[in-house]
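Undergrad: Sharing a structure with you now.
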Amino acid sequence: MRRVALALILSTCLTGAAAAQLVPPQNSKPAATPKIDTIPPARDAPYPGTIKLTVDASDVTRAIFKVHETVPVAGPGDLVMLYPKWLPGNHSPSGQINKVAGFRATANGRELKWVRDTLDVYAFHVAVPQGVRSIDIDFQYVSPTAENQGRVVATPDMSSIEWIANSMYPAGYFVRDIPIQASVIVPTGWKVATALRPSGQAGNRIDYPVTNYEILMDSPLIAGAHYRRFELSPDVSLDVIADNEQELAATPDQIAIHRRMVDQALKVFGAQHYDHYDFLLTISDYLGGEGLEHHRSSEDGVKRGYFIDWENHQRDRSSLMPHEYTHSWDGKYRRAADLWTPDYRTPMQDTLMWVYEGQTQFWGYVLAARSGMLTKQETLDAIASTAATYGPGTPGRVWRPLEDTTNDPIIAQRSPQPWRSWQRSEDYYSEGQLIWIDVDRIIRQQSGGKRSIDDFARAFFGMRDRDYGELTYTFDDVVDTLNRVQPYDWRGYLQKRVYDIAPIAPLEGITQGGYRLAFTDQPTKWIKVAEKTGKNSDLTFSGGFVVGNDGKITSVLWDSPAFNAGIAVGSEIVAVNGRKLDMMGDALKNAIKAAAGTGPAPELLIHDGEVYRTVKLDWHGGLRYPRLEKVGNGPGTLDALLAPR
Ligand SMILES: [Zn+2]
């Protein structure tokens, strides 16, 4: 009876008259103001006239870039100039509009009125008077002068000059329809590298031929005092700018490895989607790191030591140049239809990032292994770490499917997170890699070793040699191409792996490919180097946390012993078992070892703000690090995948 009465009350509450009572009668109740977009949508029509853009990048001491643009106009009225918002390669609305300052618009020397669009703060409305044929735009891109403001792009020795941060374009046109002639001014004596080929030079100003706005945005520059160029193939070169001359000292063997990487990529993909390709490598302790793909170049920014401390830079080799180069095919040329946009204002949709980034992550490691950028053992060690991280290291698998993580570039924009293993992040990169390893395993096993994922790569990416436009695709195209290579229930497979909640990680490419994921008390070289360069101790599987050499906790695994002890990112470990934490975390590791089995749980003195507290780390499994162990005799599918062609 009570249940019936309650249902009756609820249904009464939901009727219109009762719902009105939700707002107290004395409260004011505004109506919604209609939001009217006054910015013309992009049309596929030729822009009337050629924009002239000059970027003065010579003020590297203050990192201020001065932009001047002359924009032809068809007539009087409202001209909308757009600063790029949705950035290709970032897959997110990450254009740094907050660093645009000093905006002015003039015509024949006369100031023009402008107002920013309040529905889209990346848009500037400029009132163009009668009789004006072109207007001039000036602004500064006041680039970060400290790391906490964003990526540092200018130092006294080099700069990273991205047209997309240093220009605006008129609304109303596909960006490929807007002709533009760009020039750059750099400090005296500096060399410039870019996929653009100059048309002239006058003093410190370099001019580039007329191209379209889309190609220009896709063709950034690096510039600096210390420069060296290496040819990697008839069409591919490696342009290096470094903090100093020593950092340019690549050995012939190292360059030979880069040549092999290019050669192995061409063997996989067949056709290439550039007329020429420039790796734009910066080696610097001051310029911000970078890995950004373009059709005909990539921005590859590493810390010092890339060549001269080769042993400790394995991660830079695996996940940078082979990865960004692969993007020329996967991501830049073949682009998901819902990701492709006609301008940088239309929102991007990242639903197929597990192809764009996932398969690129996959090829990055495969090409690294096939070329010798990584040894086979280093590659297996790296795959082991990935398998562990996205298996037991990602409890968030139980609530969030991989597909949902493709929204993360928009949701999180790579901001630091408190509980990454539970929230999940851009997991489509590395979990995508694991899925593609398994796809290769299935193709090889189903075809009796006759075909592999190389056949998919050639079929999906290797058409129309030298076409460096974009060829879009859908999920169905991926499934159809897989089926052409090897008939299988690919739709069902990808549904389960990508779109459904999948508490168990996709490790069959490893476990049915000739290896097993094992945990031992010895870290692999891959983990040791990561700890050394990251200045931390990775105890993710030895209690559930990563701690810096300064005692600061940088990661806590959800529902782990560390989590249960109340430790969070930002906490600091001050002492272990009553003794001050030494810099290398050795005391911590020794305490974890001593606790193995029936030993005493380590007591950690934790410091959070003004509070000190002692917690017990209830973990008795000792030190555990992931590695792959060979199963059975003879090569497995994973061995075949990593072998050079
Ligand atoms: Zn990528």
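The values are calculated or read from the model by the stated rules, or taken from the named source; none is laboratory data. Just so you know, these numbers come straight off a predicted model, no measurement behind them. Note: ideal-geometry Cβ built from the backbone for every residue, glycine included; neighbour counts use all protein chains shown. In case anyone asks, the SASA skips ligands and DNA or RNA and just uses the protein heavy atoms, side chains included. Shrake-Rupley method; radii C 1.70, N 1.55, O 1.52, S 1.80 Å.
Undergrad: What pairs come out if I take residues in region 118-147 that are at pLDDT 95 or above and pair them with residues that are of a type in the set (S, T, N, Q) and open to solvent by less than 20 Å² (accessible area, probe 1.4 Å) whose C-beta lies under 8 Å away, six or more apart or interchain?
TA: Filtered contacts from region 118-147: 135/106; 136/106; 138/106; 141/166.
Undergrad: Let me ask another. Which one of the conditions (1) of a type in the set (Gly, Ala, Ser); (2) within 16 Å of the ligand (Cβ to nearest atom); (3) open to solvent by 10 Å² or more (accessible area, probe 1.4 Å) does residue 358 fail to meet, given that it meets all the rest?
TA: Residue 358 satisfies every listed condition except (3).
Undergrad: If you check residue 548 against the conditions, is it on the phi > 0 side of the Ramachandran plot, without any contact (Cβ under 8 Å) to a residue 60 or more places away in the chain and under 34 Å from the mean Cα position of the chain (by Cα)?
TA: Values: on the phi > 0 side of the Ramachandran plot: no; without any contact (Cβ under 8 Å) to a residue 60 or more places away in the chain: yes; under 34 Å from the mean Cα position of the chain (by Cα): yes.
Considered against the rule, which asks whether it is on the phi > 0 side of the Ramachandran plot, without any contact (Cβ under 8 Å) to a residue 60 or more places away in the chain and under 34 Å from the mean Cα position of the chain (by Cα), residue 548 comes out as no.
Undergrad: Could you please find all residues in region 403-428 being among the aliphatic types (A, V, I, L, M) and open to solvent by 20 Å² or more (accessible area, probe 1.4 Å)?
TA: Looking only at region 403-428, we keep the residues that are among the aliphatic types (A, V, I, L, M), and these are 410-412.
If the condition is that a residue be among the aliphatic types (A, V, I, L, M) and open to solvent by 20 Å² or more (accessible area, probe 1.4 Å), then 410, 411 are the ones that fit.
Undergrad: To continue, here is another question. Out of the strands (runs of 3 or more DSSP E) lying entirely within region 245-354, which hold 2 or more residues that are surrounded by fewer than 22 Cβ atoms within 10 Å (Cβ to Cβ), within 13 Å of the ligand (Cβ to nearest atom) and not hydroxyl-bearing (Ser, Thr, Tyr)? Break it down stepwise before answering.
TA: Values: elements: 277-283, 290-293, 297-302, 334-336.
The strands (runs of 3 or more DSSP E) meeting that bar are 290-293.
Undergrad: With respect to the numbered conditions (1) within 13 Å of the ligand (Cβ to nearest atom); (2) over 30 Å from residue 81 (Cβ atoms), which one is the sole condition not fulfilled by residue 368?
TA: With respect to (1) within 13 Å of the ligand (Cβ to nearest atom); (2) over 30 Å from residue 81 (Cβ atoms), residue 368 is out only on (1).
Here is a yes/no grid of residues against (1) touching a residue at least 12 places away in the same chain (Cβ under 8 Å); (2) charged (D, E, K, R); (3) open to solvent by 30 Å² or more (accessible area, probe 1.4 Å):
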| position | (1), (2), (3) |
| --- | --- |
| 605 | yes, no, yes |
| 611 | no, no, yes |
| 623 | yes, no, no |
| 636 | yes, no, no |
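Undergrad: I would also like to ask the following. Name the helices (runs of 4 or more DSSP H) wholly inside region 387-434 in which the number of residues that are away from the ligand (no atom under 16 Å from the Cβ) and either over 14 Å from the mean Cα position of the chain (by Cα) or modelled with pLDDT under 95 (or both) is 2 or more.
TA: Working: elements: 402-405, 408-411, 420-423.
Hits in region 387-434: 402-405, 420-423.
Undergrad: For region 463-472, check the following and say yes or no: at least one residue is buried (at least 19 other Cβ atoms within 10 Å of the Cβ), within 16 Å of the ligand (Cβ to nearest atom) and either of a type in the set (Ser, Thr, Tyr) or outside any loop (DSSP other than H, G, I, E, B) (or both).
TA: no
Undergrad: Related question: Can you tell me which residues in region 183-202 are polar (S, T, N, Q), over 19 Å from residue 301 (Cβ atoms) and not in a loop (DSSP other than H, G, I, E, B)?
TA: Scanning region 183-202 gives 183, 201.
Undergrad: Here's something else I'd like to know. Quick one: which residue in 180, 164, 215, 206 is open to solvent by less than 30 Å² (accessible area, probe 1.4 Å) and assigned to a helix (DSSP H, G or I)? Break it down into steps so the answer makes sense when it comes.
TA: Details: 180 fails: assigned to a helix (DSSP H, G or I); 215 fails: open to solvent by less than 30 Å² (accessible area, probe 1.4 Å); 206 fails: assigned to a helix (DSSP H, G or I).
Step by step, each of 180, 164, 215, 206 is checked, and only 164 is open to solvent by less than 30 Å² (accessible area, probe 1.4 Å) and assigned to a helix (DSSP H, G or I).
Undergrad: Then there's this: List the residue pairs whose Cβ atoms are under 7 Å apart, where the first residue sits in region 355-380 and is in a helix (DSSP H, G or I), the second is aromatic (Phe, Trp, Tyr) and within 16 Å of the ligand (Cβ to nearest atom), and the two are 6 or more positions apart or on different chains.
TA: Partner pairs satisfying both residue conditions: 358/428; 358/429; 358/436; 359/436; 361/429; 362/436; 379/365.
Undergrad: Can you pull out every residue in region 598-620 that is out of contact with any Gly (no Cβ under 8 Å at 6 or more places or on another chain) and over 22 Å from residue 550 (Cβ atoms)?
TA: The answer is 598, 599, 600, 601, 616, 618.
Undergrad: Checking the conditions here, which among 593, 616, 580, 589 is open to solvent by 20 Å² or more (accessible area, probe 1.4 Å), among the charged types (D, E, K, R) and touching a Ser or Thr at 6+ places or on another chain (Cβ under 7 Å)? Even if it seems obvious, please write down each step before you answer.
TA: Working: 593 fails: touching a Ser or Thr at 6+ places or on another chain (Cβ under 7 Å); 616 fails: touching a Ser or Thr at 6+ places or on another chain (Cβ under 7 Å); 580 fails: touching a Ser or Thr at 6+ places or on another chain (Cβ under 7 Å).
Criteria check complete, one pass: 589.
Undergrad: Same structure again: When you look at residue 70, is it assigned to a strand (DSSP E or B), more than 30 Å from residue 329 (Cα to Cα), hydroxyl-bearing (Ser, Thr, Tyr) and modelled with pLDDT of 95 or more, yes or no?
TA: yes
Undergrad: Could you grab the pairs with beta carbons closer than 6 Å, sequence gap of 6+ or different chains, first residue in region 261-277 and over 11 Å from residue 328 (Cα atoms) and at pLDDT 95 or above, second one open to solvent by less than 40 Å² (accessible area, probe 1.4 Å) and of a type in the set (A, V, I, L, M)?
TA: Matching pairs, first to second residue: 261/367; 261/373; 262/232; 262/236; 264/367; 268/457.
Undergrad: Right, next: Tell me which residues, restricted to region 476-499, are open to solvent by less than 70 Å² (accessible area, probe 1.4 Å), farther than 23 Å from residue 399 by Cα and of a type outside the set (D, E, K, R).
TA: Matches in region 476-499: 478, 479, 481, 482, 483, 485, 486, 490.
Undergrad: Oh, and also: So is residue 115 hydrophobic (A, V, I, L, M, F, W, C) and either free of Cβ contacts under 8 Å to residues at least 12 places away in the same chain or out of contact with any strand residue (DSSP E or B) (no Cβ under 9 Å at 6 or more places or on another chain) (or both) or not?
TA: Values: hydrophobic (A, V, I, L, M, F, W, C): yes; either free of Cβ contacts under 8 Å to residues at least 12 places away in the same chain or out of contact with any strand residue (DSSP E or B) (no Cβ under 9 Å at 6 or more places or on another chain) (or both): yes.
Here the answer is yes, as residue 115 does meet what is asked.
Undergrad: The conditions are (1) open to solvent by 80 Å² or more (accessible area, probe 1.4 Å); (2) modelled with pLDDT under 95; (3) touching a helix residue (DSSP H, G or I) at 6+ places or on another chain (Cβ under 8 Å), and residue 600 fails exactly one of them. Which is it?
TA: The failed condition is (2).
Undergrad: Ok, one more. Scan 35, 66, 29, 85 and give me the residue that is within 30 Å of residue 192 (Cβ to Cβ) and open to solvent by 70 Å² or more (accessible area, probe 1.4 Å).
TA: 66
Undergrad: Kindly indicate which of 557, 494 is among the hydrophobic types (A, V, I, L, M, F, W, C), at pLDDT 95 or above and touching a strand residue (DSSP E or B) at 6+ places or on another chain (Cβ under 9 Å). I'd like the intermediate steps shown before the answer.
TA: Numbers: 494 fails: touching a strand residue (DSSP E or B) at 6+ places or on another chain (Cβ under 9 Å).
Of the residues listed, the single one that is among the hydrophobic types (A, V, I, L, M, F, W, C), at pLDDT 95 or above and touching a strand residue (DSSP E or B) at 6+ places or on another chain (Cβ under 9 Å) is 557.
Undergrad: Something else now. Looking only at region 88-112, which residues are crowded, with 19+ Cβ neighbours inside 10 Å, within 16 Å of the ligand (Cβ to nearest atom) and not small (Gly, Ala, Ser)?
TA: Result: 88, 91.
Undergrad: Let me ask something else about it. State whether one or more residues within region 442-453 are within 30 Å of residue 276 (Cβ to Cβ) and of a type in the set (A, V, I, L, M).
TA: Going residue by residue through region 442-453, those that are within 30 Å of residue 276 (Cβ to Cβ) are 452-453.
Now restrict to residues that are of a type in the set (A, V, I, L, M): 453.
Yes, region 442-453 contains a residue that is within 30 Å of residue 276 (Cβ to Cβ) and of a type in the set (A, V, I, L, M).
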